[in-house]
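Some notes on the structure that comes next.
FYI, it's all coordinate maths here, none of it is from the lab. Being a predicted model, the structure only gives us computed values, none of them experimental. Cβ coordinates were reconstructed from backbone atoms using ideal geometry, including for glycine residues, and neighbour counts include every protein chain displayed.
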Amino acid sequence: MSSDSFTGTLSNLDVPSTPYVRPVLGKVKKGILLALFCLAQFMDAFVASALFPAIVALEEGLGIAANEVTWVFSAYSATFAAFLLISGRVADIYSAKWAFVVGAALVGLFSLGCGFVHGKVALFILRALAGIGASLTVPSALSLIVEWFPEPDEQSRAIALFGAGGGVGNVMGVVIGGAFIQWASWKWIFYFVCMLGVPMAVFAALFVPPSAPRMHKPSWKRLDLGGVALITTSIVLFVYAVTTGAATGWGAARVIAPLIVAVILGAAFFILEARLDPHVASLPPHTWRYKNVPILGAVAFVPYFFWCSLFLQLMPLFQDVYQWSAIMTAVRFLPTGVFAGAIAGPSGSFPKYVSPKWTILGGLIFDIIATILLALGDTREKYWSMLFPGFIIGTMGNMVVYTNTNIALFMNTPPEIAGVTGAIFNSSAQLGIAVGLAVVTTISTSIDKKRVTAGKDVGYHGIADGFWFVVAVIAAEALAVLIWYKVDGQVVDDVEGSDSLAVKEKGDEPSK
């Protein structure tokens, strides 16, 4: 199937007989709306990372055991990742505007509920429900950005700023969360999210213009409910298995059984998608045949994996071992927020001058250097010589990877599937949190247990080995980019059936 035939098929959906006229938006209004979407992306990331400084407080306040604490993060990330694909289809088929409104409201309201819970089970459930709401905001916002910013350079900058909102939210969450822990309580983290989400939903409902319609009579039959059920169950079981394995060991039946079922259901999902009409499938198979989409989807795993591995391992160390207060711990992570914001804007202009292959590869190399420094920062005296430069180098590299991977995905896919494209990126990113945390925790705790059994001091050995694993994963991703990312130059491609322009690398059509 060629690119023209596929995009032509997309443009032949049952569109309304009355022509859609895109609202004429001035620069100021477009800037305000883009800021709204960036704030939503900030919120979605913040609601996860801000809880890292609260780990100790949550363990004490809700009776969460040390081997259960990863569920505070995994419950949110699992449903976020699992529901992204159907959310992308909803944004592409129905109304991207109202998907965004509902998603922002759900994140705010369920987060408010988290602030009132008195037990860990209720917290886990509400976190999972908030993840579903977050999954609605991302694809819908990206769909609207692609629609309203059709000019290639403008679109790249807009997508970069949107992606930067998530990166900045992820790293600034630990600073703001630390301030709440120091001077208020962990509950105020959730109240703050509510104060962001609900007003955003109201503002979007009142002021965001309607999105371009895809169908005359949208129907739930156009949604791949069977496929969504398969992939959702698969992801949730997979996250449960790796998280439980990190806590209890990998040989237990309650780890192996759900892992096997997760793999079977995942395979069944891809078989089903191959048999469905592309207009119905949540993830049409030809999506993967667009040039570089598979490798970019894999690279999207890295940014949150790096950041969350850093936060999960070092924050408890700083507070429990080094006896730094929550706010002083947060201050020591401040370089990650400052440099994330500094590099976010400029990194969006990189694709204008050089292929994303080289910017992404450069960012991954920065991540590798940074993680090596983190692995070597084994005493509190090495904060300034190892950890501090590691924070700066890693954050700059990570933001380059994050923004340029996001941009490159949209460069290689047509705007008609912007929702699904955004879902691919963010689903992989969220799995980076859930899977990465579980595996790194397993490595660190197993090394610590061996040293305790041998009568040796735990020290920094488990943390260092966790970071060396992160180095190995990022190095493998860098090698994959070097080998498989294809660069043939760039052209501007006018997508058939659309008045949007998308920056395309030559040969980005699906394979015939």
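For the chain, what mean projected area does the convex hull of the alpha carbons give, in nm²?
Spelled out: convex hull of the Cα atoms, projected over all directions, averaged, 22.4 nm².
Shown for Ser355, Ser74: other C-beta atoms within 10 Å of each C-beta, ranked fewest to most, produce the order Ser355, Ser74.
Once you have the Cα-Cα distance between Trp183 and Ala35, take 0.36 nm times their residue separation minus that, and quote the gain in nm to one decimal.
50.4 nm
Working from Cα pairs under 8 Å separated by at least six residues, relative contact order for the stretch 240-395 is 14 percent. Note on Arg380, Arg289, Arg332: ascending count of other Cβ atoms within 10 Å places them as Arg380, Arg289, Arg332, the fewest first. In this structure, the pairs whose alpha-carbon distance is over 21 Å, taken from Lys291/Lys357; Lys382/Lys450; Lys382/Lys449, are Lys382/Lys450; Lys382/Lys449.
Suppose we look only past 26 Å in the calculated P(r) of the stretch 184-336. What percent of the Cα-Cα pairs does that tail hold?
The proportion of pairs with Cα distances above 26 Å equals 58 percent.
About its Cα centre, the chain has a charge dipole of approximately 480 debye under the convention of +1 per Lys or Arg Cβ and -1 per Asp or Glu Cβ, with nothing else charged. If you take all other residues with their beta carbon under 13 Å from the beta carbon of Met315, and give Lys and Arg +1 and Asp and Glu -1, the sum is -1. Per-peptide packing, taken as the mean over residues of other Cβ atoms within 10 Å, places 173-184, 138-149 in the sequence 138-149, 173-184 from highest down. Other residues whose C-beta falls under 12 angstrom from the C-beta of Pro303 contribute a net charge of -2, scoring Lys and Arg +1 and Asp and Glu -1.
Annotation: peptides 402-413, 440-451, ranked by per-residue average of other Cβ atoms within 10 Å with the highest first, follow the order 402-413, 440-451. From the alpha carbon centroid of the stretch 45-118 to that of the stretch 274-321 is 17 Å.
Helices in the chain, meaning DSSP H runs of at least 4 residues, each add -39500 (n - 2.57). Divided by all residues, the mean residue ellipticity at 222 nm is -24000 deg cm²/dmol. Name the residues of the stretch 74-100 whose amide N is less than 20 Å from a point 7 angstrom out from the Cα of Ala268 along the C-beta direction? Counting only backbone N, you get 79, 82-86. Membrane-span-like helices of the chain, defined as complete DSSP H segments with a Cα extent of 18 Å or more along the helix axis and a mean Kyte hydropathy of at least 1.6, are identified as 96-114, 187-207, 225-248, 253-275, 356-376, 461-484. Listed peptides 275-286, 362-373 appear in the order 362-373, 275-286 once ranked by packing, highest mean of other Cβ atoms within 10 Å at the front. A simple count of charges around Ala35, restricted to other residues whose Cβ falls under 14 Å of its Cβ and scoring Lys, Arg +1 and Asp, Glu -1, yields +4.
When a/c is below 1.5 the answer is rounded, else prolate if a/b is larger than b/c, else oblate, so apply that to the stretch 126-166 with a ≥ b ≥ c taken from the square roots of the Cα gyration tensor eigenvalues. Oblate shape, in that a/c is at least 1.5 and b/c is the bigger or equal ratio. Here each label is just a point 7 Å from Cα along the line to Cβ, and for Val121 and Leu482 those points are 5.1 nm apart. Sorted fewest first by neighbouring Cβ atoms within 10 angstrom, Glu154, Glu477, Glu381 come out as Glu381, Glu154, Glu477.
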